[in-house]
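Notes for the one structure printed next.
The values are calculated or read from the model by the stated rules, or taken from the named source; none is laboratory data. None of the values given here were measured: they were computed from a predicted structure. Cβ atoms come from the backbone with ideal geometry, glycine included; neighbour counts cover every protein chain shown. Surface accessibility is based on the protein's heavy atoms, side chains included, excluding ligands, DNA and RNA. Shrake-Rupley method; radii C 1.70, N 1.55, O 1.52, S 1.80 Å.
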Amino acid sequence: MNIGIIETGAYAIALASILEENLNSKNLNITMWTINEDEYQELSLKHTNSRYLDYELNKNIKFTMDLNRLVLENDTLILAIPAKFVHSTFETININMEDKKVLIATKGIEPITNELISDYLKLFYNINNITCISGPSFAHDIIKKQPIGLTIASQDKNNLNYFKNLFKTSYIIFDETDDIIGCSLCGVIKNIMAIFSGILEGMQINSSTKAKFMVDASKEIMEIIKKLNGKEETFYGLSGLGDLIVTCLSEHSRNRKAGKLIGQGKTIEETKKEVGMTIESIDNILVAHE
């Protein structure tokens, strides 16, 4: 089974660390793509990407900077790049992808078309074998192989079971749903809510106010899901309420950290520089509003 992972950032590495568990038992061949020359060299030599995680990947995992070759040689693709780079990345691909199985681990909205990533791939690349994965799971928690829960969503039961089996390990519990819209929206909006949760923290607002904010945020997420033809019950799963809790309350959330810095008086640019990684909430706020 040939699997191509589009990205070598923290979450991509974390997902690869899960697949490592099944390298031999499922006869997996895993290749990861990066656009960054320095990352490619470090990964090829050391199987690490120290910019993001202190983790050494299995020696059998391969790396490439040739995206078209990755797409050509792998029938399963895992998309883990930031949403703002989806268009610029996919427009370089000249391989037919209609028959590829695609797992979306990207949380965001494509900013040029204002489409959910699943809709973007269907509309512009005729990809229909789409599954989404989301949930309260920081990369550094995943690589520790401690119990975590994830939501896996697909309108095709075969695709859902395919990826569920692919990532099956002793420490991962899956919620299943056919609601890709709801699962995707939860992933987008909870990051936006997390930045505001951080702002309240940075302003040293009391716990009572923060509790009210969490309730109001939950209601708003459910309302948006319903308006955009998702299922309200999806919010009560791991990709919704579970991810909202961990992203809004954990010190490890970079979206919450960004909000906290803004709440303390930092500018957006100062915040981006200090956090040092992609801040999905800042990227998504204007797109989500549109």
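Data table
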{"item": "Per-peptide average of other Cβ atoms within 10 Å, ordering 236-242, 160-166 highest first", "result": "236-242, 160-166"}
{"item": "Spin-label zone in the stretch 97-135 - amide nitrogen under 16 Å from a point set 7 Å from the Cα of I285 along the C-beta vector", "result": "109"}
{"item": "Selection from N27, T271, L286 lying farthest towards where the dipole of the chain points positive, charges on Cβ", "result": "T271"}
{"item": "Beta bridges per DSSP with both ends in the chain, % antiparallel, nearest 5", "result": "15"}
{"item": "Subset of K46/K101; K144/K272; K227/K260; K101/K122; K157/K231; K164/K190 violating a 19 Å alpha-carbon distance limit", "result": "K46/K101; K144/K272; K227/K260; K164/K190"}
{"item": "Within the stretch 1-92: Cβ-based charge dipole about Cα centre, in debye rounded to nearest 20 (Lys, Arg +1; Asp, Glu -1)", "result": "120"}
{"item": "With all protein chains modelled, accessible area of H87 [1.4 Å, Å²]", "result": "50"}
{"item": "Debye log10 I(q)/I(0) at q = 0.15 Å⁻¹ for the chain, Cα point scatterers", "result": "-1.20"}
{"item": "For the chain: accessible area per residue (Å², 1.4 Å)", "result": "47"}
{"item": "The stretch 10-169 - Rg and Dmax from Cα coordinates, angstrom", "result": "15.2, 41"}
{"item": "Residue-count net charge about T34 - beta-carbon cut-off 15 Å; Lys, Arg +1, Asp, Glu -1", "result": "-2"}
{"item": "Selection from L238, N206, H252 lying farthest towards where the dipole of the stretch 201-290 points positive, charges on Cβ", "result": "N206"}
{"item": "Amide H contacts of I5 (H built 1.01 Å from N, under 5 Å, at least 5 apart or other chain)", "result": "T31, M32, W33, I78"}
{"item": "Protein accessible area in the chain, 1.4 Å probe - carbon and sulfur %", "result": "49"}
{"item": "Zone residues, the stretch 252-277, relative to V215, backbone N less than 18 Å from point 7 Å out along Cα-to-Cβ", "result": "none"}
{"item": "Förster-model FRET efficiency, 51 Å R0, L123 and Q264, C-beta, rounded to 0.05", "result": "0.80"}
